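Nothing in this text is a laboratory measurement; each read-out follows from the coordinates by a stated rule. Computed from a prediction, not measured in an experiment: that's the story for all the values here. No Cβ is skipped: glycine too gets one built from the backbone with ideal geometry, and neighbour counts run over all protein chains shown.
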Amino acid sequence: MRNLDCRFVLAVFLLLTALPGLAQRPAAHGQQLFADLGTCKLSSGHEITGCRIGYRTWGTLNAQRSNAVLFPTWFSGRSSDIEPSVGADRLVDPAKYFLIVVDTLGDGVSSSPSNSATQPGPKFPAFTTRDMVNAEYRLATEALHLTHVHAVMGISMGGMQTFEWMVNYPDFMDVAIPIVGSPRLTGYDLLLWHTEESALKTDPAWHEGHYRKSPPLGAVQAIHQMNLTTPANYARTHPPEKFAADYAAYFSQGVFPFDANDWLAQLEAMIHHDVAHGGSLEAAAKRVRAKVLVVAAAQDHMVNPKPALDFAAQLGAKTLVLDSDCGHLSNNCKAEIMNPAVRAFLDGK
């Protein structure tokens with residue numbers, strides 16, 4: 001009888017190991033997960049060794065494997081930041097879609113200067129938004145075993161990556177929704193990002209990236225806040241009697257909890273962002289196969305809306321222009337307008 005029991009246990013064990021979906025419980029919604037990609041080859045010819053991509057999922061992949069929505073994070077954002085946008089009446093409904101929020105390279109969760117064991121700090125190779133997307137494609141295909149997704153969407157730098165996705169992997173998605181992103185930066189965008197870069201590199205605590213403790217980068221944070229919304233919005237939300245305290249906070253809190261080298265790495269990725277890679281945007285637009293909704297902010301001081309709207313015109317794509325003095329944050333301030341429009345577009349309406 002004991003031998004029979006042993007054979008039964010062994011049979012059950014073999015069955016479960018042969019069917020990993022039965023042997024393992026699915027990840028909880030929003031749980032931090034990782035995919036180890038080995039070596040990530042970059043467009044520069046350099047490599048990220050021990051390349052690791054973080055991600056979180058909400059919802060369930062349907063039987064047809066046709067409801068996945070890939071969502072790369074924004075500049076200095078992490079997958080944990082997206083949860084307020086997940087829900088039936090929010091940006092993405094997890095009852096309908098399998099949402100995959102990807103920690104973009106350099107965010108301190110995925111492979112970054114701050115967490116690399118083999119290429120720490122300044123030794124970490126420079127990467128581009130195209131490299132971000134290539135790593136995300138490997139996550140989707142190699143780790144999640146997806147051959148197609150319903151949609152790719154993202155906000156700000158995530159919107160830039162969405163433009164990269166639709167041009168470089170045109171048949172991988174049905175729908176693309178770049179939100180306050182751009183296919184190519186304007187001179188005004190470059191002025192902002194290069195000024196932040198200069199402020200970071202001249203910070204006396206930066207030490208060319210060889211620091212023991214990440215500096216707060218107060219001047220960088222002040223410049224960033226100055227352009228995140230608009231003068232009207234900042235004046236209304238930051239009264240002059242509170243200026244001294246607000247300004248001091250920029251220099252004490254700075255860009256924390258983001259690491260200075262991570263900030264610089266993602267900043268330089270945006271500086272070199274161009275979906276046409278030096279060619280014409282018209283030619284890049286001809287590669288796009290997805291149905292596209294471009295969401296732009298009319299008063300955006302951080303990512304100029306014109307290239308995105310011009311690209312949409314070349315595609316014959318649908319557009320949604322948010323007019324708010326919240327500027328680059330108009331997707332938050334006008335969520336009651338944007339969220340239903342995005343959900344409807346995802347649903348094919």
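Among Leu190, Leu139, Leu217, the residue with the largest mean-square fluctuation in a Gaussian network model of the chain, with springs joining Cα atoms closer than 10 Å, is Leu190. Protection proxy ranking of 205-215, 119-129, by the mean of other Cβ atoms within 10 Å over each peptide's residues and highest first, is 119-129, 205-215.
Show me the three semi-axes of the equivalent ellipsoid for segment 188-267, from the C-alpha gyration tensor (sqrt of 5 times each eigenvalue), largest first, rounded to whole Å.
Working: eigenvalues 109, 48, 16 Å².
They are 23, 16, 9 Å, listed from largest to smallest.
Compute, for the chain, the length of the dipole vector about the Cα centre, with Cβ point charges of +1 (Lys, Arg) and -1 (Asp, Glu) only. Units Debye, rounded to 20. Kindly include the intermediate steps, with their values, before the conclusion.
On the way: 28 positive and 33 negative charges, 195 e Å.
Magnitude of the dipole: close to 940 debye.
Taking square-rooted eigenvalues a ≥ b ≥ c of the alpha carbon gyration tensor, is segment 106-208 rounded, prolate or oblate, where a/c under 1.5 means rounded and, failing that, a/b exceeding b/c means prolate? Oblate, because a/c is 1.5 or more while a/b does not exceed b/c. Listed by chain and number, the lysines whose alpha-carbon sits under 28 Å from that of Lys306, ignoring those within fewer than 8 places in the same chain, are Lys286, Lys291, Lys318, Lys334, Lys349. Partner lysines whose Cα lies under 21 Å from the Cα of Lys123, excluding those fewer than 8 positions away in the same chain, are identified as Lys41, Lys201, Lys213.
What area, in nm² and to one decimal, does the C-alpha convex hull of segment 46-181 cast on average over all directions?
Average projection, Cα convex hull of segment 46-181: 7.8 nm².
Electrostatic tally near Pro216: other residues with Cβ closer than 12 Å to its Cβ, Lys and Arg +1, Asp and Glu -1, net -1. What shape does segment 60-106 have by the C-alpha gyration tensor, where a ≥ b ≥ c are the square roots of the eigenvalues, rounded means a/c under 1.5, and otherwise prolate means a/b greater than b/c and oblate the rest? Oblate, because a/c is 1.5 or more while a/b does not exceed b/c. Centre-to-centre separation between the Cα atoms of segment 61-125 and those of segment 151-191: 15 Å.
Name the helices (complete DSSP H segments) of the chain with a Cα length along the long axis of 30 Å or more and a Kyte-Doolittle mean of at least -1.0, or state none. Result, helices passing both filters: zero.
Here the Kirkwood formula, the inverse mean of 1/r across different C-alpha pairs, assigns the chain a hydrodynamic radius of 21.3 Å.
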